[in-house]
1. In debye, nearest 20: dipole of the chain around its Cα centre with unit charges on the Cβ of K, R (+) and D, E (-)?
2. Just the number, please: carbon plus sulfur as a percent of the accessible area of the chain, 1.4 Å probe, no ligands or DNA/RNA counted.
3. Where both residues lie in the chain, what percent of DSSP beta bridges are antiparallel, nearest 5?
4. Ranked highest first by average number of other Cβ atoms within 10 Å, how do 26-32, 14-20 line up?
5. Which cross-chain or sequence-distant (5 or more) residues have an amide H under 5 Å from the amide H of G108, H modelled 1.01 Å from N in plane?
6. Under 19 Å Cα to Cα from K107, which aspartates and glutamates show up? Leave out anything in the same chain fewer than 8 places away.
7. Rounded to the nearest whole Å², what accessible area per residue is found for the chain with the 1.4 Å probe?
8. Of S27, V12, V92, whose Cα points farthest to the positive end of the dipole of the chain (charges on the beta-carbon: +1 Lys, Arg; -1 Asp, Glu; origin at the Cα centre)?
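The values are calculated or read from the model by the stated rules, or taken from the named source; none is laboratory data. Not measured: the values here are computed from a predicted model. For neighbour counting, all protein chains shown are included, and Cβ atoms are generated from backbone atoms with ideal geometry for every residue, glycine included. The accessibility values were calculated without ligands, DNA or RNA, using every heavy atom of the protein model including side chains. Shrake-Rupley method; radii C 1.70, N 1.55, O 1.52, S 1.80 Å.
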Amino acid sequence: QVQLVESGGGLVQPGGSLKLSCVASGSTFGISHMNWYRQAPGKQRELVATFTASGTTNYADSVKGRFTIGRDNAENTAYLRMNRLKPDDTAVYYCNVLRIGTNYWGKGTLVTVSS
């Protein structure tokens, strides 16, 4: 089992920045992909950014150029640096990891972008 705990969410004004963190614990050996998803009110959960075991990163079109995903394998931590935030980025952000064919999820951290 893998436990994931996200942190770093909060209220930020449009144009501002936040950095989310996700710490994995438990059976972390074998984690391949580390991902960030988000779910806005009334919408489906969507993939925001991916960091594969080989170091490849991918982003949703809506966040390219503004968000950066990072990963520290020694600390079993994933990060999401979010710049130039927009009201449309308001959502609960979830950390997700893939380990030996099984997906694990954190409970999420709320990001609210509002003036």
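1. Numbers: 12 positive and 7 negative charges, 31 e Å.
That gives a dipole near 140 debye.
2. Numbers: 2960 of 6120 Å².
Roughly 48 percent, rounded to a whole number.
3. Working: 40 of 43 bridges.
Antiparallel: roughly 95 percent of the beta bridges in the chain.
4. Values: 26-32: 13.7, 14-20: 15.4.
Descending packing order for the listed peptides: 14-20, 26-32.
5. For G108, whose amide H was placed from the backbone, the distant partners under 5 Å are E6, C95.
6. Candidates past the 8-residue exclusion: E6, E46, D89.
7. On the way: 6120 Å² over 115 residues.
Heavy-atom accessible area per residue stands at 53 Å².
8. It is V12.
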